[in-house]
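This report refers to the structure that appears directly beneath it.
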Amino acid sequence: MNPTPLQQFVQHFTGANAAATERVSARLALVLADPEAYQTEFAEELAERGMAGALPAQELRDVALLDALLADDLAWESDEQDTPAELTEALNDILAQQGQGVALAPGALAGRRGAGPEQLDAVQDALEALGRALVLFTLDSDVFPLGVVADAQAEAVRQQAGALGFGLTVY
């Protein structure tokens, strides 16, 4: 069976994890087809984010993408308090969930100055050495929601995200 465009997009984030591809795709299919039903089904998660009432479609899609990936440990919400070691561990958890068979060295980000957005360039450099690209999910938040995709697929991820209506930046 050929994957749908949504499944192809999701698979960039889930890698070899077929069960996660199915779960994330189903959740995103709901938000794309029926935003009201999505808000009802995931009202508790949205409330935990301080989101109540009707949300703009773009914001709801972007939150749905992030929350679906977070539920399968395929994204990380980084903040300015994260140490390089914590960020390395979080990214390695994502890579492990994807079944990629690669990992950042424990000290890959050690000695890097800065936190938050200043650290993202260093993170991308470390991931690029593994053939991976850093994804920053578009979300108006105090955190920096991050994901990982194959570097060779970065442009396809950008194009597919735009076609499906998701906001993100691939480094």
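The values are calculated or read from the model by the stated rules, or taken from the named source; none is laboratory data. Nothing here was measured: the structure is a model prediction, and the numbers come from that model. With ideal geometry, Cβ positions are generated from the backbone for all residues, glycine too; neighbour counts draw on all protein chains shown.
Give me the pairs: first residue in segment 150-166 and within 12 Å of residue 138 (Cβ to Cβ) and touching a residue at least 60 places away in the same chain (Cβ under 8 Å), second residue basic (Lys, Arg) and part of a helix (DSSP H, G or I), beta-carbon distance under 7 Å, and six or more apart or on different chains, which are they?
Going by the 7 Å Cβ cut-off, the qualifying pairs are 165/61; 166/61.
Here is a list of conditions, (1) assigned to a loop (DSSP other than H, G, I, E, B); (2) touching a residue at least 60 places away in the same chain (Cβ under 8 Å); (3) acidic (Asp, Glu), and residue 59 meets all of them except one; can you say which number that is?
Result: residue 59 passes all but (1).
I'm trying to understand the selection: among the residues of segment 131-152, which are at pLDDT 95 or above and surrounded by fewer than 21 Cβ atoms within 10 Å (Cβ to Cβ)?
Residues satisfying the conditions are 131, 150, 151, 152.
Can you find a residue in segment 24-44 that is over 13 Å from the mean Cα position of the chain (by Cα), part of a loop (DSSP other than H, G, I, E, B) and either closer than 23 Å to residue 151 by Cα or touching a residue at least 12 places away in the same chain (Cβ under 8 Å) (or both)?
Scanning segment 24-44, I find at least one residue that is over 13 Å from the mean Cα position of the chain (by Cα), part of a loop (DSSP other than H, G, I, E, B) and either closer than 23 Å to residue 151 by Cα or touching a residue at least 12 places away in the same chain (Cβ under 8 Å) (or both), so the answer is yes.
For segment 36-90, how many residues meet the condition of being among the β-branched types (Val, Ile, Thr) and surrounded by 21 or more Cβ atoms within 10 Å (Cβ to Cβ)? Walk me through how you get there before you give the answer.
We begin by selecting, within segment 36-90, every residue among the β-branched types (Val, Ile, Thr); these are 40, 63, 83, 88.
The next check asks that each one be surrounded by 21 or more Cβ atoms within 10 Å (Cβ to Cβ); those that pass are 63, 88.
Of the residues in segment 36-90, 2 are among the β-branched types (Val, Ile, Thr) and surrounded by 21 or more Cβ atoms within 10 Å (Cβ to Cβ).
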